[in-house]
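What follows is a short report on a single structure.
The values are calculated or read from the model by the stated rules, or taken from the named source; none is laboratory data. It should be emphasised that the depicted structure is a prediction, and the values quoted were computed from it without experimental measurement. A quick note on method: Cβ atoms are made from the backbone with ideal geometry, for glycine too, and the neighbour counts reach across all protein chains shown.
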Amino acid sequence: MTDHTTTHEAEEDARNRDILIYVNGELKHRDEAVVSVYDSGFLLGDGMWEGMRLYDGEWAFFDAHMDRFFDSCHAVSLDVGMDRAGIREALRMTAEANGMTDDVHCRLMLTRGVKAKPFQHPQLSRSGPTLVIIMEHSKPVDTLQSKGIRLAAVPQVRGLPHSQDAKFNSHSKLNCVIACLQAEAAGADEGLMLDPNGFVNTTNACNFFIVRKGAVWTSTGDYCMNGVTRANVIRLCRDNGIPVFEKNFSLYEAYSADEAFLTGTFGAQTPVASIDGKAIGTGARPVTAEIRRLYKAMVSEDVARQKGGR
């Protein structure tokens, strides 16, 4: 079997065997944290989620994550059941119960709740939403930075906004799962997905950037995930004199890039080693390294701002 890694590869941490998980206001051991088989998330993938990281007791870019979360829920008429302060308190309660302050990844999940019958119509969800928070001690493995990720361009595309808008962080992720399976079959770690016009878009799990002659390129954003880290990287580049372009580009330009990297909440910026077996650049990644340095400083500033606002 081919050795695979992912952008979410974390160091093994024995503490995760006994984490407490938030389920609708209660904290339960991971072995007892369950939801109903009638839950909308299980039956239909009807729900929204956020991935966040804890740095020194604060959730980095909390406001941006909540903007995306509440906007997504509003767009599909999903009542969160609490305001942002309520979500923050649920996060605080879960982190405190687990003794977590740093190197923690959170998956916040909200579904339309338990259905009266196992059918599609939203009106069958009558008991209110289901809110689950999973937090794990989670530190990216060192090899993600040294080795990089191998990508393969896959047939599965990111669809049009009127089919299923990629800006939704929805529980319905089958298209991404299919892309991941296609990449694995090609001997790669993750799938590089194109948009409906054949231009490079995202991977199955992260946003995608390339560097050519010192300039940073990423997709137009028309079909890609509404990534918080993606937006932060674009802003960092603009604020620090690094040319950055949101534009259409093809695999031709991606193959011949000097550098390539992925962005996401878990790994921040993860270098890409190859696409379709073609090595990216020489292995030197000065622009990616500079963006990583700037991003770490940005996280520190955001954490300090939140602490100062307490």
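Just a yes or no: is a residue in segment 194-212 in contact with a Ser or Thr (Cβ under 9 Å, 6 or more places away or on another chain), under 22 Å from ALA297 (Cα atoms) and part of a helix (DSSP H, G or I)? Taking every residue of segment 194-212 in turn, none turns out to be in contact with a Ser or Thr (Cβ under 9 Å, 6 or more places away or on another chain), under 22 Å from ALA297 (Cα atoms) and part of a helix (DSSP H, G or I). Of the residues screened, ALA183 is not one that is among the hydrophobic types (A, V, I, L, M, F, W, C) and touching a Lys or Arg at 6+ places or on another chain (Cβ under 6 Å).
Against the conditions (1) in contact with a Pro (Cβ under 9 Å, 6 or more places away or on another chain); (2) buried (at least 19 other Cβ atoms within 10 Å of the Cβ); (3) under 30 Å from LYS307 (Cβ atoms); (4) not β-branched (Val, Ile, Thr), GLU50 satisfies every one except (1). Of TYR38, TYR22, all but one fail to be among the aromatic types (Phe, Trp, Tyr), within 18 Å of VAL132 (Cβ to Cβ) and out of contact with any helix residue (DSSP H, G or I) (no Cβ under 8 Å at 6 or more places or on another chain); the exception is TYR38. Pairing each residue of segment 49-76 that is among the basic types (Lys, Arg) with any residue that is at pLDDT 95 or above, provided the two are 6+ apart or on different chains, yields C-beta distances under 6 Å for ARG53/ALA60; ARG53/HIS105.
For segment 1-58, name all the residues that are in a helix (DSSP H, G or I) and over 19 Å from GLY81 (Cα atoms). Listed by number, the residues that qualify are ALA14, ARG15, ASN16, ARG17, ASP18, PHE42, LEU43, LEU44.
Residues in segment 225-243 that are over 13 Å from the mean Cα position of the chain (by Cα) and surrounded by 19 or more Cβ atoms within 10 Å (Cβ to Cβ): ASN232, VAL233, ILE234, LEU236, CYS237.
Per-residue answers, yes or no, for (1) within 30 Å of GLU89 (Cβ to Cβ); (2) outside any loop (DSSP other than H, G, I, E, B):
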residue: SER127; (1), (2): yes, no
residue: GLU136; (1), (2): yes, yes
residue: ARG150; (1), (2): no, yes
residue: ARG158; (1), (2): no, no
residue: LYS167; (1), (2): yes, no
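Does ALA183 satisfy the condition of being crowded, with 18+ Cβ neighbours inside 10 Å, assigned to a helix (DSSP H, G or I) and either modelled with pLDDT of 95 or more or not assigned by TED's automatic domain parsing to the domain that holds GLY47 (or both)? Judged against the criteria, ALA183 is a match.
For LEU108, state whether it is assigned to a strand (DSSP E or B) and either within 27 Å of TYR255 (Cβ to Cβ) or among the small types (Gly, Ala, Ser) (or both). Can you show your working first?
Numbers: assigned to a strand (DSSP E or B): yes; either within 27 Å of TYR255 (Cβ to Cβ) or among the small types (Gly, Ala, Ser) (or both): no.
Against the criterion (assigned to a strand (DSSP E or B) and either within 27 Å of TYR255 (Cβ to Cβ) or among the small types (Gly, Ala, Ser) (or both)), LEU108 does not qualify.
Cβ-Cβ contacts under 7 Å between residues 6 or more apart (or on different chains), taken from a first residue in segment 110-129 that is polar (S, T, N, Q) to a second residue that is assigned to a helix (DSSP H, G or I), are listed as THR111/SER40; THR111/GLY41; GLN120/LEU44; SER125/SER40. Return only the number of the condition from (1) in contact (Cβ under 8 Å) with a residue 60 or more places away in the chain; (2) of a type in the set (Gly, Ala, Ser); (3) surrounded by fewer than 17 Cβ atoms within 10 Å (Cβ to Cβ) that ALA254 does not satisfy. Result: ALA254 passes all but (3).
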